[in-house]
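Worksheet: the structure to be examined is printed underneath.
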Amino acid sequence: MLGFKLALRNLVGAGLRTWLNVLVLSLSYVVIIYVNGMLHGWDIQAKVDMKNWEIGEGQYWCSGYDPLDPFTLQESHCAFPQEFMPMIQSGEVVPVLVSLASFYPEGRIQSIQLKGIPAGQDLIRIPTASLAGGEGEAIKAVVGRRMAKSNQLKVGDLVTARWRDRNGTFDATDVEIAAIFSCDVPSVDMGQIWIDLDQMQRMLGMPGEATLLIRGDKAPPDLTTAGWVEKDLKILLAEVDELIKTKSFASTVMAMILLALALLAVFDTQVLSIFRRQREIGTQIALGMTRWQVVRLFTLEGAMHAVLAAIVAALYGIPLLAMQARSGIPMPQSTDTMGFAIAEKIFPVYSSGLIVVTIIFILIAATVVSYLPARKISRLNPTEAIKGKIQ
Amino acid sequence: MKESIKIELRDLVKRFPMGTKEFTALKGLSFSVMGGEFAGLVGPSGSGKSTLLNIVGSLDSPSEGSALVLGRDIGRLSHAEAARLRNHHIGFIFQTYNLLPVYTAYENVEFPLLLLRMGSAERKKAVMEALEWVGLAEKVKSRPAQMSGGECQRVAIARAIVKHPELVLADEPTANLDADNSHHILKTMVKINRELGTTFLFATHDEKVIGYLRRIIRLSDGLLHSDNLVEPINGED
């Protein structure tokens with residue numbers, strides 16, 4: 001307690017020098033918590049959106065299907081497995097048929113993926129209810145906001161689509177844009193047109209077949225059937241995990257640079273203090289402190305920068321970060337083209353673990369950088385120090 | 001009442017390394033200081049006064065011989081034991097006051113008591129008493145930068161006596177003070193010596209200080225030149 005009392009007294013007495021260090025160090029707390037909170041929030045949001053809009057609770061892929069290799073699409077269609085039929089009928093598993101097609105918005109040709117999905121499904125949030133009733137001249141389709149924007153599509157537009165059926169024969173028809181949905185998952189939006197599964201199976205000559213099956217949380221995850229490969233969430237979200245890891249590393253580097261600058265300020269202050277305050281150190285020893293008590297006092301002074309910084313950071317950081325957590329962080333429009341799920345706003349999530357770990361980390365770092373120069377005190381000659389002679 | 005021996009030096013030698021050679025600052029000093037004395041080590045610069053005072057204050061140790069201070073052999077004390085001796089029994093007054101710059105007068109005087117882990121109420125009482133002794137009770141909140149040299153030295157005296165030490169060591173306490181302030185603080189020290197029985201040992205070559213001493217131990221080139229009991233020229237008003 002005595003050490004704390006004296007250290008606090010010294011810090012408060014040092015005035016502006018202390019508060020400048022504390023302010024810089026407090027920025028480290030806020031930035032580290034902010035950046036990690038934002039990444040955590042992004043991670044959660046991206047995964048939730050991907051589950052809601054694309055992958056459900058897991059998928060089964062027709063063997064050979066590779067979403068990153070368009071050449072696999074022509075052959076990657078398998079008959080619904082019999083053991084899945086009850087779940088497909090109840091909507092707990094949603095089949096999706098994928099095929100390459102060409103699309104002619106305003107006379108321009110564009111390669112797209114045509115995706116067939118049951119009109120009545122509600123497992124993922126694609127507004128497939130709009131696909132119902134497309135038995136007239138044109139096939140009803142829904143597209144995402146990005147797809148509509150890049151092709152200047154609006155609801156009610158008729159666009160020609162051309163595809164090859166299972167025998168390699170080209171066919172074409174008009175597609176009517178029945179709805180435009182807005183979502184944060186570009187992989188269900190960019191270059192894709194969603195139509196009714198039955199319609200698409202008829203167009204391709206592939207009745208009762210699909211490319212992938214989306215599983216809901218009621219469907220058991222460990223069903224195995226010939227020709228279908230299970231893809232769990234770990235695999236399906238691996239890209240998001242990798243991306244967050246990459247972003248997290250870059251942000252951690254930035255935060256560490258800021259922290260290093262703050263710790264350098266503490267270190268410099270300590271080094272300067274030990275040179276500048278040699279007379280004070282000698283006096284403290286003369287008044288009855290042991291050298292190691294003085295070392296501890298100086299180390300504690302440095303460490304208490306981190307404690308004061310945590311308090312200062314709390315004073316302005318809690319309202320600031322809470323406001324950001326409520327209102328979200330707007331993301332630039334250009335992130336639409338990045339190919340992964342980013343909402344228009346990311347809502348940071350600050351876990352208590354993150355806050356505690358950050359505080360402990362900075363506290364330990366500040367203590368270490370304070371102790372290193374303070375060790376010199378143990379070698380000071382007190383009779384010289386009393387006179388203020390630099391040693 | 002017979003006073004006990006507070007300081008007993010026997011053939012005290014202190015050598016310092018100087019490049020490849022050694023410099024002998026004290027060359028075999030022997031004398032004693034009794035409790036309640038108001039004595040001074042007097043001599044020119046380089047005579048060994050401060051070196052001797054540092055050894056007596058357990059801030060340094062002898063190269064040869066022995067220095068018994070309050071019954072402890074300084075040469076045999078560990079760092080912690082020496083610190084304990086200073087903390088409990090010795091007060092220091094320095095030429096340059098050596099107040100802790102960020103502390104107020106009150107906090108400076110309080111510092112030795114904090115190290116003694118004295119209770120809050122007892123501490124406050126002792127600090128205020130010490131500040132009243134030196135006539136600075138109204139300056140409790142002033143920091144060293146806000147006080148004159150004389151006031152700073154009076155705070156240093158209060159800090160030295162606040163724990164009622166058996167021994168106060170004063171190294172050139174008036175060197176940075178004008179004549180009026182010098183007499184003021186010396187009279188204060190005489191008063192403390194008389195009323196509290198605190199033993200004072202000065203290191204000085206200031207005639208103003210010498211005028212208050214009751215014993216003058218003259219050092220010259222590390223040797224004891226003379227040791228005389230004297231009638232103070234100045235005394236307590």
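What's the extension gain from A:R375 to A:L264 if we count 0.36 nm per residue and subtract their Cα-Cα distance?
38.3 nm
A:I257 to A:L315: FRET efficiency via 1/(1 + (r/R0)^6), r the Cβ-Cβ distance, R0 22 Å, to the nearest 0.05? Display every interim value, and only then the final one.
Values: r = 24 Å, r/R0 = 1.09.
With a Förster radius of 22 Å, E is 0.35.
Output needed: Cys residues of chain A lacking any neighbouring Cys C-beta below 4.7 Å, sorted by number.
By the Cβ distance rule, which asks for a partner under 4.7 Å, the isolated cysteines are A:C183.
Explain nothing, just the number: relative contact order of the stretch A:62-189, from Cα pairs under 8 Å at least 6 residues apart, as a whole percent. Display every interim value, and only then the final one.
Working: 205 pairs, mean separation 25.4, N = 128.
Taking the mean separation of contacting Cα pairs over the length of the stretch A:62-189, I get 20 percent.
If you take each beta carbon of peptide B:92-100 and count the beta carbons of other chains within 10 angstrom, what is the mean?
Values: counts 5, 0, 6, 2, 5, 2, 10, 3, 10.
That average works out to 5.
Which of A:G302, A:G56, A:G107 moves most in a GNM of chain A, Cα contacts under 10 Å?
A:G107
Which ordering of A:R375, A:R108 is given by a fewest-first count of other beta-carbon atoms within 10 Å?
Numbers: A:R375 13, A:R108 9.
Ranked by crowding around the Cβ, least crowded first: A:R108, A:R375.
Return the distance in nm (one decimal) between the two label points of a simple spin-label model at B:H225 and A:E230, each offset 7 Å from Cα along Cα→Cβ.
10.1 nm
Give me the distance in nm between label points sitting 7 Å out from Cα along the Cα-to-Cβ direction at B:E64 and A:E176, one decimal.
Roughly 11.8 nm, to one decimal.
With just the Cα atoms defining each centre, how far is the stretch A:356-384 from the stretch A:63-115? Give it in Å.
63 Å
Could you check the simple spin-label distance between B:S30 and A:L2, using points 7 Å along Cα→Cβ, in nm with one decimal?
3.9 nm
Can you pick out the pairs among B:K6/B:K208; B:K124/B:K208; A:K234/A:K345; B:K125/B:K208; A:K376/B:K124 whose Cα atoms lie more than 29 Å from each other? Intermediate results must be reported in sequence, preceding the final value.
Working: B:K6/B:K208 25 Å; B:K124/B:K208 33 Å; A:K234/A:K345 25 Å; B:K125/B:K208 32 Å; A:K376/B:K124 34 Å.
Correct reply: B:K124/B:K208; B:K125/B:K208; A:K376/B:K124.
Based only on the alpha carbon positions, what is the Kirkwood hydrodynamic radius of the protein assembly as shown, in angstrom?
Details: mean 1/r = 0.0319 Å⁻¹.
It works out to 31.3 Å.
Residue farthest toward the positive end of the dipole of the stretch A:59-231, with Cβ of Lys/Arg at +1 and Asp/Glu at -1: which of A:S63, A:V188, A:I124?
The residue sitting most towards the positive pole is A:V188.
Pulled fully out, how much extra length does the chain show between A:V48 and A:D241, if you take 0.36 nm times their separation in residues and subtract their Cα-Cα distance? List each step's numbers first, then the result.
On the way: separation 193, 0.36 × 193 = 69.48 nm, distance 1.27 nm.
Contour length minus the Cα-Cα distance gives 68.2 nm.
Among the GluC sites (Glu not before Pro) in the stretch B:1-92, which ones are in a DSSP loop with at most 13 other Cβ atoms within 10 Å of the Cβ? Mind listing them? Don't skip to the end; give the middle numbers.
On the way: sites: B:E3, B:E8, B:E22, B:E37, B:E64, B:E81; in loops: B:E3, B:E37.
Loop-located and lightly packed - B:E3.
Just how large is the dipole of the stretch A:59-231 about the Cα centre, in debye to the nearest 20, putting +1 at every Lys and Arg Cβ and -1 at every Asp and Glu Cβ? Don't skip to the end; give the middle numbers.
Values: 15 positive and 22 negative charges, 87 e Å.
Its charge dipole is roughly 420 debye.
Inside 10 Å of the C-beta atoms of B:59-71, what's the mean count of C-beta atoms belonging to other chains? List each step's numbers first, then the result.
Numbers: counts 9, 3, 0, 0, 0, 0, 0, 0, 0, 0, 0, 0, 0.
Mean partner-chain Cβ count within 10 Å for B:59-71: 1.
Kindly state, to the nearest 0.05, the FRET efficiency for B:E195 paired with A:V356, given R0 = 51 Å and r defined as their beta-carbon distance.
Working: r = 57 Å, r/R0 = 1.12.
So the FRET efficiency works out to roughly 0.35.
Among A:E54, A:E301, A:E75, which one shows the biggest mean-square fluctuation in a GNM of chain A, springs joining Cα atoms closer than 10 Å?
A:E75
Looking at B:A121, A:H77, A:A178, which one has the Cα that reaches farthest to the positive end of the dipole of the protein assembly as shown (charges on Cβ: Lys, Arg +1; Asp, Glu -1)?
The one lying farthest along the dipole's positive direction is B:A121.
Would you please give the FRET efficiency between A:T169 and A:R326, computed as 1/(1 + (r/R0)^6) with r the Cβ-Cβ distance and R0 = 60 Å, to the nearest 0.05?
Details: r = 56 Å, r/R0 = 0.94.
It comes to 0.60.
Dipole of chain A, Cα-centred, from +1 at each Lys and Arg C-beta and -1 at each Asp and Glu C-beta, to the nearest 20 debye?
Numbers: 35 positive and 36 negative charges, 727 e Å.
For this selection, approximately 3500 debye.
Taking only complete DSSP H runs, can you tell me which helices of chain B stretch 24 Å or more along their own long axis by Cα positions and average at least -1.0 on the Kyte-Doolittle scale? All intermediate terms of the calculation are to be shown ahead of the outcome.
Details: long enough: B:179-196 (25 Å, -0.54).
For chain B, where a helix must reach 24 Å along its axis and average at least -1.0, the hits are B:179-196.
Ratio to report: Rg/Rh of the stretch A:169-244, with Cα atoms as the point set and Rh obtained by the Kirkwood method; give two decimals. Don't jump to the answer; show the numbers that get you there.
Numbers: Rg = 16.1 Å, Rh = 16.0 Å.
Over the Cα atoms of the stretch A:169-244, Rg/Rh equals 1.01.
Given 37 °C and 0.692 mPa s, compute D for the stretch A:59-231 with the Stokes-Einstein relation, Rh being the Kirkwood radius over Cα pairs; round to the nearest whole µm²/s. Please report the intermediate quantities before stating the final value.
Values: Rh = 16.2 Å.
For the chosen part, D equals 203 µm²/s.
Each value in this text was obtained by applying a stated rule to the coordinates, not by laboratory testing. Bear in mind that the values here come from a model prediction, so they are computed numbers and not experimental data. With ideal geometry, Cβ positions are generated from the backbone for all residues, glycine too; neighbour counts draw on all protein chains shown.
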